[in-house]
Amino acid sequence: MCASETSDARRLASYIPSTIGPWLSEADQSFDAETVFDYIDGAGEVYRSYNMRLLIARRFQKDGRPDIVVDAFDMGASADAFGVFTHDLDGEDAGIGQGSTYKAGLLSFWKDRYFLSVYAEEETTETRAAVLDLGRQIAEAIPGRGEPPALLKLLPVDGLEARTTRFFHTASVLNYHYFVADANILLLGPETDAVLAAYGGKEDRSHMLVVSYGGVAGAGRAAESFRREYMPDAGGNPAVRTENGRWTAARAAGRYCAVVFDAISAEAAVARLEAVERSIASARGPSP
Amino acid sequence: MSRRPITRRDFLKVAAAAPLAGAMIPALHGAAPASADKVRVVLVRDPSPLGTGGAPPAEVVQKMLDDGVRALLGETDVVKAWKSLIRPDDVVGIKTNAWRYIPTTAEVEQAIRRRVMDAGVGEDRIAIDDRGVLRNPVFQKATALVNARPMRSHHWSGVGSLIKNYIMFTPQPAAWHGDTCADLAKIWDLPIVKGKTRLNVLVMFTPLFHGVGPHHYAKEYTWEYKGLIISRDPVAADATGLRILQAKRKEHFGDDSPLQMTPHHIQLADTRHHLGVSDPGRIELVKLGWDEGVLI
């Protein structure tokens, strides 16, 4: 570990209390992107896909009570801290950090460039309170705040379902949230940023995917690849009716590619793409 | 020429027949060539209460294993059955799984060990290990392996499977994570394991059907299935365990919840690597014991 990493590890560890109620902490374990598998097996790939830099794991023990484990990730950038937080949004908002969720003894939240998981190995009334208290203390100790990914601003607001927005980079994570294809037909990778969100509610749900590529050419290739593999029957039409009676549409706009899945009609699909295009144009500002 | 990708639309076409994505992948890729011979898989269950370690009492586990092996091999005498698997001069590695939350369990390990000894193998030529197999002198010299691990949903490979259990035989396990562990079956061609596996035991006492958080575990997503799946074919055993996990997910979440990562390494172990059979149509499933909540 180099000097700056040591410094980062010390700083991150300093945000975590050494005790929580009657629980006392064990010695910290520290992992980087190469050694994370020693700690969390293949699940480490998820954190690696979000460019994790450092993980500090601290276990709290008290005889006769379930262990509580804090996993504190330094993701290097607030966008990736936000992104890895959105990987699992199941649960209720705990009002901790810059976004949080709690379910079944597991509290997850993000703040600044950090993602935190606080987990009780068995949920009891006491461990639930301890987990939430621990999370609040850690969040308060982290002094900074981070910006969510700018890409989120391109999502149309109308009909957007709360707590369904996911930010990621790779095709594997896209498929985790919404299976598209068993091959990387949208040409996603570590260098691409992507945002996926649900619209309309459970009975009328559609999905919107917006991907940012390195340039216009990359976005064009991705849109072409997607149309060729996913909607070969579209012909010259902007949208195609899929086997569930819903509509899918895709197009490139600048360095972005946007895809709408499961819209109620072709017009609805195209309208949503146009809304994204307006957001892109607005983000660019007026033409010179 | 590369094959056409399988897309969500392919799943939609066959959704009525097989609503879970993971289950559909084998069918969509095309079934393995028809064969008159089916691969036998035994599912044995017992309703006895589980102990604190998550296993039934040792004597119950021994009986489950014995019943399963006898049914698998069509042999009434359990020692004779084991002698058809293991020679007295074998050096035997029992590849276990030590995951903190759902391990193989000592009860299963010791039940296997006892029968390996009954087959004539001396205690000094048997080892039980997981993460240390590459450094373990018995595993280094092993002529026979018994593969035993629990099935659970897995954050990257879809499920933790018998196929995946051999990843610790590789010096760099992470090197096998590509395409969400698609080619794990290739590990089975490495000299340290190739052709050595005599039996596979997929532990289904408290399977994990959904995972959360960095450790991909929450007790509420386990259930007491109280089963063992036993086969000589790791792919067939995994494919059977996967059906149970998917059935449990359907029961718990409803129709719209495929496994978070597609466990395609099981299907590819069949169609790409020819390690075994993943198509349920080519698996003869023998069910023994407790039938309540069997799910398949």
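The values are calculated or read from the model by the stated rules, or taken from the named source; none is laboratory data. The structure displayed is predicted, hence computed values, not measured ones. Glycine also receives a Cβ, built like all others from the backbone with ideal geometry; neighbour counts cover every protein chain displayed.
Exactly one residue out of A:105, A:144, A:91, A:135 is within 14 Å of chain B (Cβ to nearest Cβ) and touching an Asp or Glu at 6+ places or on another chain (Cβ under 6 Å), and it is A:105. Here is a check on your reading of the model: is residue A:170 away from every other protein chain (no Cβ under 13 Å), in contact (Cβ under 8 Å) with a residue 60 or more places away in the chain, out of contact with any Cys (no Cβ under 8 Å at 6 or more places or on another chain) and buried (at least 17 other Cβ atoms within 10 Å of the Cβ)? Criteria not met by residue A:170. Restricting attention to the stretch B:102-117 and to residues that are out of contact with any Lys or Arg (no Cβ under 8 Å at 6 or more places or on another chain) and not hydrophobic (A, V, I, L, M, F, W, C), the residue that is nearest to residue B:67 (Cα to Cα) turns out to be B:115.
Here's the yes/no breakdown for (1) within 14 Å of the chain's Cα centre (by Cα); (2) among the hydrophobic types (A, V, I, L, M, F, W, C):
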{"position": "B:216", "(1), (2)": "no, no"}
{"position": "B:224", "(1), (2)": "no, no"}
{"position": "B:237", "(1), (2)": "yes, yes"}
{"position": "B:244", "(1), (2)": "yes, yes"}
{"position": "B:250", "(1), (2)": "no, no"}
{"position": "B:259", "(1), (2)": "no, yes"}
{"position": "B:265", "(1), (2)": "yes, no"}
{"position": "B:269", "(1), (2)": "yes, yes"}
{"position": "B:280", "(1), (2)": "no, no"}
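The residue of the stretch A:213-239 that is surrounded by the most Cβ atoms within 10 Å (Cβ to Cβ), among those that are touching a residue at least 12 places away in the same chain (Cβ under 8 Å) and not in a helix (DSSP H, G or I), is A:213. The residue that is farthest from the chain's Cα centre (by Cα), counting only those in the stretch B:71-106 that are of a type in the set (Val, Ile, Thr) and under 23 Å from residue B:134 (Cα atoms), is B:91.
What about residue B:23, is it at pLDDT 70 or above, assigned to a helix (DSSP H, G or I) and either buried (at least 19 other Cβ atoms within 10 Å of the Cβ) or more than 14 Å from chain A (Cβ to nearest Cβ) (or both)?
Numbers: at pLDDT 70 or above: no; assigned to a helix (DSSP H, G or I): yes; either buried (at least 19 other Cβ atoms within 10 Å of the Cβ) or more than 14 Å from chain A (Cβ to nearest Cβ) (or both): yes.
So residue B:23 does not fit the description; no.
Of all the residues that make up the stretch B:207-250, how many are hydroxyl-bearing (Ser, Thr, Tyr) and within 14 Å of another protein chain (Cβ to nearest Cβ)? Explain how you work it out, then say what you get.
Narrowing the stretch B:207-250 to residues hydroxyl-bearing (Ser, Thr, Tyr): B:217, B:221-222, B:225, B:231, B:240.
Checking the rest, the ones that are also within 14 Å of another protein chain (Cβ to nearest Cβ) come to B:217, B:221-222.
Number of matching residues: 3.
Listed by position, the helices (runs of 4 or more DSSP H) inside the stretch A:1-81 whose residues that are away from every other protein chain (no Cβ under 14 Å) and on the phi < 0 side of the Ramachandran plot number at least 1 are A:3-14. Looking across B:206, B:180, B:197, B:170, one residue alone is touching an Asp or Glu at 6+ places or on another chain (Cβ under 9 Å), under 28 Å from residue B:117 (Cα atoms) and hydroxyl-bearing (Ser, Thr, Tyr). It is B:206.
Do you know which residues across the stretch A:185-204 are modelled with pLDDT under 95 and either surrounded by 23 or more Cβ atoms within 10 Å (Cβ to Cβ) or within 10 Å of chain B (Cβ to nearest Cβ) (or both)? Within the stretch A:185-204, just A:202 meets the criteria. For residue A:208, only one of the following conditions fails: (1) over 22 Å from the mean Cα position of the chain (by Cα); (2) surrounded by 17 or more Cβ atoms within 10 Å (Cβ to Cβ). What is its number? Only one criterion is unmet by residue A:208, namely (1). On the stretch given as the stretch B:58-90, residues that are part of a loop (DSSP other than H, G, I, E, B) and touching a strand residue (DSSP E or B) at 6+ places or on another chain (Cβ under 7 Å) total 3. Looking across B:214, B:191, B:173, B:207, one residue alone is within 30 Å of residue A:85 (Cβ to Cβ), at pLDDT 95 or above and not aliphatic (A, V, I, L, M). It is B:207.
What are the residues in the stretch B:218-267 that are assigned to a loop (DSSP other than H, G, I, E, B) and farther than 20 Å from residue B:184 by Cβ, if any?
The answer is B:218, B:223, B:224, B:225, B:226, B:254, B:255, B:256, B:257.
Of the residues making up the stretch B:155-191, those that are within 14 Å of chain A (Cβ to nearest Cβ), touching a Pro at 6+ places or on another chain (Cβ under 8 Å) and in contact (Cβ under 8 Å) with a residue 40 or more places away in the chain are B:157, B:158, B:159, B:160, B:161, B:163.
Here residue A:129 meets each of (1) buried (at least 22 other Cβ atoms within 10 Å of the Cβ); (2) farther than 13 Å from residue B:214 by Cβ with one exception, condition (1).
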